[in-house]
């Protein structure tokens, strides 16, 4: 038998020669050299050992599309191992489909949060909506005004607005 069966490569007619399985994740290979002819699972390379551009993951398991978000990614290219897309400034997330920490409101291209330091419980806002997390008695996207029956949002009151509701003083 002078050649290997489909799915194998080598030179069985040489002394000590044998046939080895193609290293191509189930795809065909050159019968002599073992070079992969048609890689499957969005892979490429001599042995289908790496993901194609625009894909990421473990080549043995098949590579997934980067699926970078047009809104925040520079291009549809990602890290071949982690899948992290290359984000524009102020954008974040694996796919660049949210704002980076400290920025918010995807619709407005991720401006800085600017949460009111006295009215919000954090300087970090929601990465998609841009809304700040308000303390009790404060409201507004930036927590910059007092809710009804509350008062006193200013530098002098670092705990936000104060109020007297049903005999309970806040």
Spatial extent of region 1-100: Rg and Dmax, with the Cα atoms as the point set, Å: 19.1, 63
Under a point spin-label approximation (7 Å from Cα along Cα-to-Cβ), what is the residue 8-residue 60 distance to one decimal in nm? 2.3
Exposure proxy check on 114, 149: fewest-to-most Cβ neighbours within 10 Å is 149, 114
Note down the nm distance, to one decimal, between modelled labels 7 Å out along Cα→Cβ at residue 82 and at residue 117. 3.1
What number does region 1-53 give for Rg over Rh if you use C-alpha atoms and the Kirkwood radius? 1.06
Restricting to Cα pairs below 8 Å that are 6+ residues apart, what does the relative contact order work out to for region 6-84? Please round to a whole percent. 19
Roughly how many nanometres apart are two label points built 7 Å out from the Cα toward the Cβ at residue 149 and residue 90? 3.8
Defining a contact as two alpha carbons under 8 Å apart and six or more residues distant in sequence, what relative contact order in percent does the chain show? 9
Test of understanding: ordering 56, 46 by Cβ neighbours within 10 Å, fewest first, what list do you get? 46, 56
Of (i) 1.22; (ii) 0.94; (iii) 1.42, the label for Rg/Rh (Cα atoms, Kirkwood Rh) derived from the coordinates: (iii)
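Every number in this text was worked out from the coordinates using simple rules, so none of it is lab data. All values reported here derive from a predicted model rather than from experimental measurement. Cβ atoms come from the backbone with ideal geometry, glycine included; neighbour counts cover every protein chain shown.
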